[in-house]
Amino acid sequence: MAVMRSASETPVPSQPLGKVYLVGAGPGDPDLITVKGRRFLEKADVVVYDYLASPKLLRYAPAEAEQVYVGKKGHGLHAKTQDEINQLLVERARAGKRVVRLKGGDPFIFGRGGEEIEELVAAGIPFEVVPGVTSATAAATYAGVPITHRRYTSSVAFVTGHEDPTKPGSNVDWRKIATGVGTLVFYMGIKNLPHITRKLIDNGRDPATPVVVVRWASTPDQRSVEGTLADIAEVVRKHDIRPPALVVVGEVVRLRRLINWFEKRPLFGKTVMVTRTREQASELVAGLEEAGAACIEWPTIAIGPPDSWEPLDQALAELHAFDWILFTSINAIRCFFGRLRDKGLDSRILAGCRIGVVGSTTADVLRGYGIEADLLPGEFTGEGLAAALVEQGVEGQRILLPRAKKAREILPETLRQAGAEVVIAPVYQNVRPSARSEELRQLFLERRVDVLTFTSSSTVTNFCHMLGIEDAAARRELLDTVAVACIGPVTARTARRLGLPVHVQPETYTIPALIDRIIGHFAG
Ligand code: SAH
């Protein structure tokens, strides 16, 4: 791929034209982009996006791709006019670039996608269009409303609410749509909602028709309110529902009582801060999001190589002389195997050793390298692993411990006391990301975080350091309304020592158990 791109990065006059991909980004949840849309994004030289396309989608674009935010019409410094956007697409494509134009929902549903393509056609630029999940179907689905249903309706209309229906020259035939269509979905209808509902009622629609208004559909910020044609405008005003929101009108809205699955998920409306390394956060984040939570990833640890590979390389050279290799973290496993790979080795070199792991997660990760652990302790801690080994008898045995540069000494100490020879080989070290204290404190001052998760002692110490508040009492006060969740007793002890009360702590020290306990905390 790198080779292909370098050719297109340096346009010369005879440069072949690039291409514009008009891609529907889906309604908000970044996972609702199509496979095809994502594939084009992964190969983009330029990404042009606006405020309705989830910024999370940008992580699929190559790091070196140019990203252009064209904003929201009439808002902000970075907003571009439609002419400027069209010009940008044409210019970049002429320079030979693969341009992905990401548009919220579906590009051809009230997205001015048609106008952009007309410009491309006029300029002779090749293009492709990828449809997207439009926000109307997403909003209905995520509000628990099947947009059509045999018992209630067999037609649906997408209508723009942007035009003031009281002004002459409207494109919408209110008389026909009021009673001629079962389900009506209005885009951009919040400002004009009083006029829209009036117009429908005046043209014969039953004022008791149920209506749901959904804001930021399919995202963790989704909010919905319900009413009838007669009172929904007032409900929206009272709850201060602002754009972007959709208005779904029709008998199908009654089914919401039965089907409202998204907002009923146990952690819906809760925001959880995840302090693990980026590499490790995904399992926790995915589990929390599935339970309905919004996650803020705030890594308190980054992983760097050890100062020296010498101790490990030496151990690898005489691995046959070791009885055991112990892994006490996922990072240790990944970095250990990373080093093997760099040296042109693989798992076969471990054939003569028995392997112990600290818990079920490390066991799973090890399995990913094709190796079943020989020893998994009953209690998933360093102490647990030490006890399990001592019980087997380690007198005179040689044990290799690839681990972080700085780690708790309890495991090697216990093993040495029991007569083992322990070789510690640092395979990574934890480094602290830059603090951004002000920004972090602000999140808590604004009460934006409901749950704070810690998955190791160093996440707690680093978090407190990044917070930049020396005084434990002041720290506790800032985190006053936050539920602190710790994966196990060691982490919890560190948290308490630093003045943080611990509200959630699972019995087994695993990520799924932690998620379960967080859910339990709010259920109880
Ligand atoms: N092409 C887009 C629509 C763009 S018009 C699509 O197919 O969805 C912009 C309007 O879309 C907003 O004013 C709002 O009414 C609606 N909209 C887009 N995303 C939304 C979301 N996540 N939740 C609620 N409404 C949304």
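A few points about this structure:
- Each part gets one Cα centre, and for region 469-520 versus region 259-311 those centres are 15 Å apart.
- Size of electric dipole in region 206-245: Cβ of Lys, Arg +1 and of Asp, Glu -1, about Cα centre, debye, nearest 20: 200 debye
- Placing +1 on the Cβ of every Lys and Arg and -1 on the Cβ of every Asp and Glu, with no other charges, gives region 19-132 a dipole of roughly 260 debye about its Cα centre.
- Take ASP206: with every protein chain present and a 1.4 Å probe, its accessible area is about 90 Å².
- Taking all protein chains together, ARG112, ARG150, ARG348, ARG175 sort by accessible area into ARG150, ARG348, ARG175, ARG112, largest first [probe 1.4 Å].
- Residue-by-residue Karplus 3J(HN,Hα) for region 237-247, coefficients 6.51, -1.76, 1.60, Hz, glycine and proline x: 5, 4, 8, 6, 7, 10, x, x, 8, 10, 10
- Relative contact order (%) - the chain, alpha-carbon pairs under 8 angstrom, separation at least six: 10 percent
- Computed from Cα atoms, the angle from the helix 511-523 axis to the main principal axis of the chain rounds to 50 degrees.
- DSSP bridge pairs, the chain: antiparallel proportion in percent, nearest 5: 30 percent
- Gyration tensor (alpha-carbon) shape descriptor, the chain, a/c threshold 1.5: prolate
- Using a probe of 1.4 angstrom and keeping all protein chains present, the accessible surface of the chain works out to 48 square angstrom per residue.
- Three-way shape call for region 19-132 based on the alpha-carbon gyration tensor, with the a/c threshold at 1.5: rounded
- Under the Karplus curve 6.51 cos²θ - 1.76 cosθ + 1.60, θ = phi - 60°, whole-Hz ³J(HN,Hα) for region 141-155, x wherever Gly or Pro sits: 4, 6, 9, x, 10, x, 5, 10, 6, 3, 6, 10, 7, 10, 9
- Residues TRP298, TRP216, sorted by accessible area with the largest first, give TRP216, TRP298 [1.4 Å probe; ligands and nucleic acids excluded].
- Signed unit charges on C-beta, dipole axis of region 304-430, positive-most listed residue ILE325, LEU366, GLY393: LEU366
- GluC sites (Glu not before Pro), loop per DSSP, at most 12 other Cβ atoms within 10 Å - longest free stretch of the chain: 65-317
- Region 304-430 shape via C-alpha gyration tensor axes, a/c threshold 1.5: rounded
- Helix-derived mean residue ellipticity, 222 nm - over the chain, DSSP H n ≥ 4, -39500 (n - 2.57), to 500: -10000 deg cm²/dmol
- The chain - percent of accessible surface contributed by carbon and sulfur, probe 1.4 Å: 51 percent
- Cα centroids of region 227-248 and region 31-61: 31 Å apart.
The values are calculated or read from the model by the stated rules, or taken from the named source; none is laboratory data. Just so it is clear, the structure is predicted and the values come from calculations on it, not from any experiment. In this analysis, Cβ positions are derived from the backbone assuming ideal geometry, glycine residues included, and neighbour counts consider all displayed protein chains. The area values use the complete protein model at the heavy-atom level, side chains included, leaving out ligands, DNA and RNA. Shrake-Rupley method; radii C 1.70, N 1.55, O 1.52, S 1.80 Å.
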